[in-house]
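Undergrad: Attaching a single structure in structure tokens format; questions to follow.
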Amino acid sequence: MGELPELLAIDAAMAVVVAWFAVGLAGLAALHNFSLVARVLFPLSAALSLALAGTALSALPGAPQTAVLAIGLPDLPFHLRLDALSAFFLALLGLASAGISVFAGGYFRRGEGTPPGLLCLHYHLFLVGMAMVMLADDAYAFMVTWELMALASFFLVTTNHRIAEIRRAGFLYLLVAHVGAIAILLCFGVLQANTGDYTFANMRAQNLSPFWSSCAFLLALFGFGAKAGILPLHVWLPEAHPAAPSPVSALMSGVMLKTAIYGMVRVNFDLLGSPLWWWGVAALSVGLATALFGVVFAAAQVDMKRLLAYSSIENVGLIVVGLGLAMVFAAYRMNSLAALAMVASLYHCLNHALFKSLLFLGTGSVLHATQERNLGKLGGLMRYMPFVAWTSLVGVVASAGLPPSNGFVSEWLLLQGFLFTGGLPNPYLRMLVPIFAAGVVLVAALAGYVMVKFFGVIFLGRPREDKLAQAHDAGWLERLGLAWLTAGCVLLGLFPVAVIEVIDPITYAFLGRGLAQSGRAGDWLLLAPVSAERASYSPILFLLVTAAIVAAAFVLVRRFYHGRLRRAAPWDCGHPMQTARMQDTAEGFGQPIRQIFEPFYRMHRELPTPFDAAPRYRVTVEDPLWAWVYLRIAAATEAVSRWVGMLQRGRISIYLLYSFLTLVALLFLTQA
Amino acid sequence: MNLEGFLAQLVAMVVALVGAPLVMGWVNQCRAWLQNRRAPPLTMPFRTLHKLFWKESVVAHDASPIFRVTPYVVFGCMLLASLIVPTLSTNMPMAPAADAIALVGLFGVARLFISLAAMDIGTSFGTLGARREMLVGFLAEPAFLMVLFTASLISSSTSLATTVSALAHREFTILPSLAFAGLAFTMVSLAENARVPVDNPATHLELTMIHEALILEYSGRHLALIEWAASLKLFAYSCAGLAIFFPWGIAEANDHVALLWALPVLAMKLAIGGFLLALIETILAKMRIFRVPEFLATAFLLGVLAILVHLLLGA
């Protein structure tokens, strides 16, 4: 078939995007045909996701490919480009959305506010938007698709739009998204340096002065930070995630937050070129503050999806810390180390996409089985929903960053990066950066606390409500989605060397260095990013030895002793009366963290007096930034509006006076 | 992987399995002497293990598979941990599989499983124990990692075997960073191994217990495995501390004479360490549970200080 023109990967990726769009339109055509949408369209979309992931992975090591699409305004076509970075994030989108779409096929029920066909359209427009953002090669295409992504996800968040709280969450999300979009637009404005040419190729060619490039950096940090959920722009996350249906939460948390990370990498490492050292410190500080804040608040949550939303904030913080470290190293031309930090960061993007999607989908199954999001009313679901419980356990281990899961690999790489900061030429940085390492370690350890709370309270113990005994396990489509993401978490954890080889072309493109050459150490089993003497980790060996010890212990105990077992009532130190209400609630489990980190929270406690006939204890935890930042901005805006409102007098003569004064002023100006 | 390394690894495993309960027995003996009691024999922990293995395991009706898997997982993690830590020789085929960070991760996995198992039955004591264990863990884990980072920065490697041989070869001077790290390590290992002043291994007093509350529902072989794992954890921690702060006497690769000496030297070091542990447990009182975070935060800060001292003074 030599005479046919070779099919470029970028064409294949565009074909998938068009097909997604077609699937969305098909959903619109079959607006109320629930079984078509759920059983055919969503699984079809998952197959398209797989095709996209395959295309992107095959294109990753190759040279960048470009295309021009003549859509949009005349003389302003869409420039598209598929390079290593785009391909990596497209692969992330494909891998995560494959599992989520299959799950969604089994998840959505009839009568959930929006008709199923419309939901299908929004969902696929969202996918199209995310894919196009990663393909865009000019500011115009980027902003249009960025908006498409924001609007489609807004409609998805407000799927159950009859509930006022959900409408409010959607509005907040839309507001923050647009504040961020303005910053991104300004950032591109700075980057094109008055040439009037908004293609990324032109931006790459510009040499900005340190002042303007710093402006661009700060605008990008703010703009993409709003999407990623960076402090103090994180407020929409804990509102929007619980409001959205679970597959949508999974897609937003797992993939959409990564589009913001993609934007940060694109602007800072590709368009701006060489970063300044203080950008790295700024990103490190903001990232660490976000991570710490996220994890401390996650520990105090009582709503399972809010808990996961705060945990997403934490993970985004860790990813930004990795990028910041890469910038610090890149500023001093320590490119191999910058590559190490960047690989850690991108690896964590991929991990978080999979394990957080998995956990959100798990909460979706729990929500459907029990109609309950409140941790205090769940419990003991491991017996009724074993499949969801075991897959969630994998997600929990990954999210806690424990070996041999994928979450551990990226944290390990990040810490390895931190251990090299002793070589930095700037003595203040040498002193400062290890403190960030200590903070990262603390965050990782706290994540373990949060995850024990999440899993233990939902799946273990005894059911805290009677109705939980009717809970049923997930359906087969849902199981397929969960199994796919679980397998992804396990494989990414066990074969880190293979994953790093996939990421390597990105660091080669931006920093000229990669990890795979030194990372191989002659052995695909052993991950050694610098040298085997320096540090190495082999998850497979790790898992095999542990499994061998466990198996040997199991067999030997039975061989030399016995395997007898008796079932009885729990002992509980001999206490005769035990009820399910005596277990820790979610509030109780988070209490030590609340006490230790008390200054972080705004807490309201309602304590009963000894004379209360119906004593009631209640504690609510609020985000202090809401009061410190947002309410103040709102109050200031209101004050300014009232002041401006003084102009409005409601009398025609006054308005005529305004016109007259304006005219005089203009005449005066033109004279001068 | 050479045969010699494999044999050394096997010997290290046997030493860990046999040595860990002996260390526990030795600490108990020393403590009894210091408190003017008659001491149980050194092999008492073995007899206890033997007794427990013969007993029937009683499991609550509501227990999920996690409850039954956990003793094995915890045992596996702790044994692997004592294989990673250089005890007799730095020539270990297992060493590249996991470095210092993975060692902390390994303890983290064990902690996660045992906490989940404690929550599994749904008793009030179980969840209380899980909550307190995670409370101790989230501060102890970073503090321990800071100690290991200090050693890693001095030897520019996170591989424990490389770290230990680098530390053993340096000229003997008391480095200020290692002094801070040593103090932090002592505090962390007291907390992590459920010893006084953080926890009291000899009591079931409900207001204060941490480790015992976690394993309250275990019996028979499950309890035996968990007790063995707990002694392995103490052994692994002690050996890690000894290897970092007193690395002399650990054999290098191809040094057969040193390998013969390594075992008696290790026994001596553990005996002294165990006596000091018993001494600490005798002269200190257990603290309130909410003083524990302060205690561990101090350890964490000392660990961070150790790193900063190393980076600033280069010592």
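Residue-wise test of (1) small (G, A, S); (2) surrounded by fewer than 23 Cβ atoms within 10 Å (Cβ to Cβ); (3) at pLDDT below 85.
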| position | (1), (2), (3) |
| --- | --- |
| B:A202 | yes, yes, yes |
| B:A213 | yes, no, no |
| B:G220 | yes, no, no |
| B:S238 | yes, no, no |
| B:I244 | no, no, no |
| B:K269 | no, yes, no |
| B:A285 | yes, yes, no |
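Undergrad: Using the structure shown, decide if B:S165 is farther than 18 Å from A:F589 by Cβ, among the hydroxyl-bearing types (S, T, Y) and facing chain A (nearest Cβ under 8 Å).
TA: no
Undergrad: What about A:L340, is it of a type outside the set (D, E, K, R) and either over 29 Å from A:L85 (Cβ atoms) or surrounded by 24 or more Cβ atoms within 10 Å (Cβ to Cβ) (or both)?
TA: yes
Undergrad: Just to check your reading of the model, which residue among B:I121, B:I154, B:I114, B:I101 is in contact (Cβ under 8 Å) with a residue 12 or more places away in the chain, over 17 Å from B:C239 (Cα atoms) and within 7 Å of chain A (Cβ to nearest Cβ)?
TA: Answer to the check: B:I121.
Undergrad: If you take the residues of region B:291-313 that are among the β-branched types (V, I, T) and within 9 Å of chain A (Cβ to nearest Cβ), which of them is farthest from B:L178 (Cα to Cα)?
TA: B:V304
Undergrad: If I filter region A:615-626 for residues that are in a loop (DSSP other than H, G, I, E, B), of a type in the set (V, I, T) and either modelled with pLDDT of 90 or more or touching a helix residue (DSSP H, G or I) at 6+ places or on another chain (Cβ under 6 Å) (or both), do I get at least one hit?
TA: No, region A:615-626 contains no residue that is in a loop (DSSP other than H, G, I, E, B), of a type in the set (V, I, T) and either modelled with pLDDT of 90 or more or touching a helix residue (DSSP H, G or I) at 6+ places or on another chain (Cβ under 6 Å) (or both).
Undergrad: Then there is this: From A:L36, A:L50, grab the single residue that is within 23 Å of A:A353 (Cβ to Cβ) and either in contact with a strand residue (DSSP E or B) (Cβ under 7 Å, 6 or more places away or on another chain) or assigned to a helix (DSSP H, G or I) (or both).
TA: One residue alone meets the criteria, A:L50.
Undergrad: Looking at region A:281-288, is at least one residue modelled with pLDDT of 95 or more, in contact with a Leu (Cβ under 9 Å, 6 or more places away or on another chain) and under 13 Å from A:S312 (Cβ atoms)?
TA: Checked region A:281-288: no residue is modelled with pLDDT of 95 or more, in contact with a Leu (Cβ under 9 Å, 6 or more places away or on another chain) and under 13 Å from A:S312 (Cβ atoms).
Undergrad: Let me ask something else about it. If only one of B:A299, B:A278, B:A229, B:A236 is of a type in the set (A, V, I, L, M) and closer than 30 Å to B:N36 by Cβ, which one is it?
TA: Going through B:A299, B:A278, B:A229, B:A236 in turn, just one is of a type in the set (A, V, I, L, M) and closer than 30 Å to B:N36 by Cβ: B:A278.
Undergrad: Name every residue in region A:562-580 that is part of a helix (DSSP H, G or I) and loosely packed, with under 10 Cβ neighbours inside 10 Å, in order of residue number.
TA: If the condition is that a residue be part of a helix (DSSP H, G or I) and loosely packed, with under 10 Cβ neighbours inside 10 Å, then A:G574 is the only one that fits.
Undergrad: Ok, one more. Residue under question is A:L515, and the condition is that it be away from chain B (no Cβ under 14 Å) and modelled with pLDDT of 90 or more; does it hold?
TA: no
Undergrad: How many residues does region B:193-220 contain that are acidic (D, E) and more than 12 Å from chain A (Cβ to nearest Cβ)?
TA: Count: 1.
Undergrad: Just one of (1) more than 8 Å from every other protein chain (Cβ to nearest Cβ); (2) under 30 Å from A:A344 (Cα atoms); (3) outside any loop (DSSP other than H, G, I, E, B) trips up A:R559, so point out which.
TA: (2)
Table: residues versus (1) at the interface with another protein chain (Cβ under 8 Å from one of its Cβ atoms); (2) crowded, with 24+ Cβ neighbours inside 10 Å.
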| residue | (1), (2) |
| --- | --- |
| B:I66 | yes, no |
| B:P71 | no, yes |
| B:C77 | yes, yes |
| B:P93 | no, no |
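Undergrad: Keeping to region A:407-459, report how many residues are among the polar types (S, T, N, Q), surrounded by fewer than 22 Cβ atoms within 10 Å (Cβ to Cβ) and facing chain B (nearest Cβ under 8 Å).
TA: Within region A:407-459, residues that are among the polar types (S, T, N, Q), surrounded by fewer than 22 Cβ atoms within 10 Å (Cβ to Cβ) and facing chain B (nearest Cβ under 8 Å) number 0.
Undergrad: Here's a follow-up. Quick check on region B:129-151: of everything there that is facing chain A (nearest Cβ under 7 Å) and more than 18 Å from the chain's Cα centre (by Cα), which residue is surrounded by the fewest Cβ atoms within 10 Å (Cβ to Cβ)?
TA: B:R131
Undergrad: Condition check: closer than 24 Å to A:Y537 by Cβ, of a type in the set (V, I, T) and either in a helix (DSSP H, G or I) or modelled with pLDDT under 90 (or both). Does B:I114 satisfy that?
TA: Here the answer is yes, as B:I114 does meet what is asked.
Undergrad: Would you mind telling me which numbered condition in (1) among the small types (G, A, S); (2) in contact with a strand residue (DSSP E or B) (Cβ under 8 Å, 6 or more places away or on another chain); (3) free of Cβ contacts under 8 Å to residues at least 12 places away in the same chain A:A164 fails?
TA: (2)
Undergrad: Here is a further query. Quick one: count up the residues across region B:256-274 that are closer than 14 Å to B:L7 by Cβ and of a type outside the set (A, V, I, L, M, F, W, C).
TA: Of the residues in region B:256-274, 1 are closer than 14 Å to B:L7 by Cβ and of a type outside the set (A, V, I, L, M, F, W, C).
Undergrad: Mind telling me which of the residues B:A251, B:A243, B:A271, B:A278 ends up being away from chain A (no Cβ under 14 Å), aliphatic (A, V, I, L, M) and over 17 Å from the mean Cα position of the chain (by Cα)?
TA: Answer to the check: B:A251.
Undergrad: What is the residue count in region A:587-598 for residues that are outside any loop (DSSP other than H, G, I, E, B) and within 11 Å of chain B (Cβ to nearest Cβ)?
TA: Looking only at that region, the number is 8.
Undergrad: For region A:373-406, which residues satisfy the criterion of being of a type in the set (K, R) and within 12 Å of chain B (Cβ to nearest Cβ)?
TA: A:R383, the sole residue that qualifies.
Undergrad: May I ask you to list the residues in region A:225-260 that are farther than 18 Å from A:K305 by Cβ and touching a Lys or Arg at 6+ places or on another chain (Cβ under 9 Å)?
TA: A:A228, A:L233, A:T259, A:A260
Residue-by-condition table, conditions (1) farther than 24 Å from A:V443 by Cα; (2) touching a residue at least 12 places away in the same chain (Cβ under 8 Å); (3) charged (D, E, K, R):
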site: A:W571; (1), (2), (3): yes, no, no
site: A:Q583; (1), (2), (3): yes, yes, no
site: A:Q591; (1), (2), (3): no, no, no
site: A:P610; (1), (2), (3): yes, no, no
site: A:R618; (1), (2), (3): yes, yes, yes
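Undergrad: Kindly indicate which of A:T159, A:T114 is part of a loop (DSSP other than H, G, I, E, B), in contact (Cβ under 8 Å) with a residue 40 or more places away in the chain and over 21 Å from A:A22 (Cβ atoms).
TA: Among A:T159, A:T114, only A:T159 is part of a loop (DSSP other than H, G, I, E, B), in contact (Cβ under 8 Å) with a residue 40 or more places away in the chain and over 21 Å from A:A22 (Cβ atoms).
Undergrad: Looking for something buried (at least 20 other Cβ atoms within 10 Å of the Cβ), at the interface with chain B (Cβ under 8 Å from one of its Cβ atoms) and outside any helix (DSSP H, G or I) - is there at least one such residue anywhere in region A:461-473?
TA: The answer is yes; a qualifying residue exists.
The values are calculated or read from the model by the stated rules, or taken from the named source; none is laboratory data. These numbers come from a predicted model, not from an experiment. Neighbour counts run over all protein chains shown; Cβ positions are idealised from the backbone, glycine included.
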